[in-house]
1. Only residues that are closer than 25 Å to Val15 by Cβ, part of a loop (DSSP other than H, G, I, E, B) and of a type in the set (Ser, Thr, Tyr): list them for the stretch 27-73, please.
2. Would you be able to say whether some residue in the stretch 9-26 is among the aliphatic types (A, V, I, L, M) and under 19 Å from His69 (Cα atoms)?
3. Just to be sure, is Val15 free of Cβ contacts under 8 Å to residues at least 12 places away in the same chain, loosely packed, with under 13 Cβ neighbours inside 10 Å and of a type in the set (Val, Ile, Thr)?
4. Of everything in the stretch 14-26, what is under 19 Å from Met1 (Cα atoms) and outside any strand (DSSP E or B)? Give them in sequence order.
5. Looking at Glu55, Glu9, can you tell me which residue is touching a strand residue (DSSP E or B) at 6+ places or on another chain (Cβ under 6 Å) and at negative phi?
6. Considering the stretch 40-60 alone, what residues qualify as being under 12 Å from Phe4 (Cα atoms) and either at pLDDT below 95 or surrounded by 16 or more Cβ atoms within 10 Å (Cβ to Cβ) (or both)?
Amino acid sequence: MAQFRGTVEGNRSQVSRLGHKTSGLTTTCNGWNTGVECIARYNKEAERDEIMIFETSGSGYGGKRKHIHTVYSE
């Protein structure tokens with residue numbers, strides 16, 4: 001059984017991908033000049049799932065990657 005599940009839907013039908021404790025799951029959502037990257041992972045030390053959210057410079061040129069927030073359950 002997968003630890004993480006991601007979905008995407010655009011101009012076609014919805015698709016999903018799975019990630020496990022060892023692999024995690026990375027997702028991106030980009031405009032030309034702005035975007036976000038989410039990294040879902042299992043934190044062994046804290047024994048919890050975490051999703052780290054980063055602001056990026058999108059699909060265009062640039063190297064911006066700024067950590068915004070980490071989401072986890074208490």
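1. Result: Thr34, Ser59.
2. Yes, the stretch 9-26 has at least one match.
3. On the way: free of Cβ contacts under 8 Å to residues at least 12 places away in the same chain: yes; loosely packed, with under 13 Cβ neighbours inside 10 Å: yes; of a type in the set (Val, Ile, Thr): yes.
So Val15 passes the test.
4. Taking the stretch 14-26 and keeping what is under 19 Å from Met1 (Cα atoms), we get 15-26.
Of everything in the stretch 14-26, those that are under 19 Å from Met1 (Cα atoms) and outside any strand (DSSP E or B) turn out to be His20, Lys21, Thr22, Ser23, Gly24.
5. Numbers: Glu9 fails: touching a strand residue (DSSP E or B) at 6+ places or on another chain (Cβ under 6 Å).
Of the residues listed, the single one that is touching a strand residue (DSSP E or B) at 6+ places or on another chain (Cβ under 6 Å) and at negative phi is Glu55.
6. Ala40, Arg41, Tyr42, Asp49, Ile51
The values are calculated or read from the model by the stated rules, or taken from the named source; none is laboratory data. Here the structure is a predicted model, which is why all the values come from computation and not from measurement. Cβ atoms come from the backbone with ideal geometry, glycine included; neighbour counts cover every protein chain shown.
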